[in-house]
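Engineer: Dropping the structure in here first, questions after.
Each value in this text was obtained by applying a stated rule to the coordinates, not by laboratory testing. This is a predicted model, so every value here is computed, not measured. Every residue, glycine among them, receives a Cβ derived from its backbone with ideal geometry; neighbour counts consider all protein chains shown.
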Amino acid sequence: MSDTRARPATAAGTWKLGDLTVNRVGFGAMRLAGGSIIGRVGGSADREKSVAVLRRAVELGVNHIDTASFYFSPTRSANELINRALAPYADDLVIATKVWPARNPSGEWWWAEPEQLRGQVEENLRQLGRDHLDVVNLRLPPSRATGSLAEHFGVLAELRDAGLIRHLGISNVTSAHLAEARSIAPVVCVQNAYSVDAPGTEQELLRECGELGIAFVPFFAIAGGRREEGAGGTDDEAVIAVARAHGVSPAQVRLAWTLGQGSHVLAIPGTGDPDHLTENVAAGAIRLTDEEIARLGSVRGGGE
C-alpha cells in the first residue's frame, strides 16, 4: 500500500514552517476540549474519544497540530489532551499554539499585556510537556485591526532568541501587520479566517504570503461565515453541486478548494468525531477542475 493510501494526510503534499516540514493537511484542536470555548462549539463526547481522535490523526499522517492554552472547558484542556495522547512526541510532529488572548478558570476572556506573554508561553510549555514550542502565533484582538503589534511581537522575538520558541507566526492580521512583524523577526505563517466565501481582501493576503514563501493557515475553512458554529447549516448551491459531482461532502469540497489556492496554504480542520476526522483528511486527495475552482470562487465575498 502506498504511503498516500496508508497515510492520506500526505496526499496534498508538504510545506515548511521555517525548517519544519509539515503535511499540508493538519488538525485543529479547539473542538477536542468540548463545551463552549468561543461561541457555540461542538466538542468530543468524552476524554477518551478526544485522545483516540488525536492518535488516529497522527496515524493518518497528520504532523501539524494547532492548539492554544485557552482551548479548555470545565472538564478538558486541548493541550493536556495532546500531551496525554501523543507524548513522547514524534520527531516530525509540529505543534503550533497562540498567545495574547487568554481565559481565566471561569472562562472569562482577557488580553495579555506584553510583559504577560512569557507567562502564556510557559503555560503552553507546561501543559504540552515540552521545553520549547515549535510555532507560536501572536493572535491579534479585534481592537487591533488597524493598530500596532510591535510591542507584543517584540517580546515573542526575545523569547525566540532565548530558545523557548522555535518559529513565530501571526494571526487575525492585515498586510500591514505582516510587514510590521517581518521588520522585527522572521514570520513563518499567517493564520486568518478564510474559506470559499471569504472576502477579496483575504485573497490578497493569501497571495502575498505565497510570494513571500510564508504559510497561509486558514481557520474556519469549513465553517466559513458560520465560524464557531461549525459546518452545520445550508451550503451554497455551487459547493453542493461540486460535492455531488465528486461524491464527497460539502465540507470536503471547501477544504479541497482552500488547499487548491496555493502550495503554501495549510489546512487545520478540527473535529472531535473520528468519522469526520477521516473525511477531513481525505479531502487532501480531492482534485478540483479549473472550472470547479472558478465556480466556487464566485461564492467569495459573503459571510466573513
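Engineer: How long is the gain from residue 4 to residue 103 if the chain were fully straight, where each residue apart is worth 0.36 nm and the alpha carbon distance is subtracted?
Structural biologist: 31.7 nm
Engineer: Hey, another quick one. Kirkwood Rh over Cα pairs of the chain into Stokes-Einstein at 25 °C, 0.890 mPa s: D in µm²/s?
Structural biologist: In µm²/s, the coefficient is 128.
Engineer: Exposure proxy check: 293, 82 ranked by fewest other beta carbons within 10 Å?
Structural biologist: 293, 82
Engineer: Suppose R0 equals 51 Å. What FRET efficiency, 1/(1 + (r/R0)^6) with r the Cβ-Cβ distance, do residue 244 and residue 162 give to the nearest 0.05?
Structural biologist: E between residue 244 and residue 162, to the nearest 0.05, is 0.45.
Engineer: Relative to the present Cα-Cα distance, how much length would full extension add between residue 278 and residue 132 at 0.36 nm per residue of separation?
Structural biologist: 49.6 nm
Engineer: Could you compute the net charge surrounding residue 280? Neighbours are other residues with a C-beta less than 11 Å from the C-beta of residue 280; K and R count +1, D and E count -1.
Structural biologist: -2
Engineer: Where does each of 189, 209 land when they are ranked from fewest to most other beta-carbon atoms within 10 angstrom?
Structural biologist: 209, 189
Engineer: Still on this structure, please answer the following. If R₀ is 22 angstrom, what is the calculated FRET efficiency for the pair residue 14 and residue 290, using the beta carbon separation as r and rounding to 0.05?
Structural biologist: Once the sixth-power term is evaluated, E becomes 0.40.
Engineer: What is the set of long-range amide H partners of residue 219 at a cut-off below 5 Å, with H atoms built 1.01 Å from backbone N?
Structural biologist: 192, 193, 194
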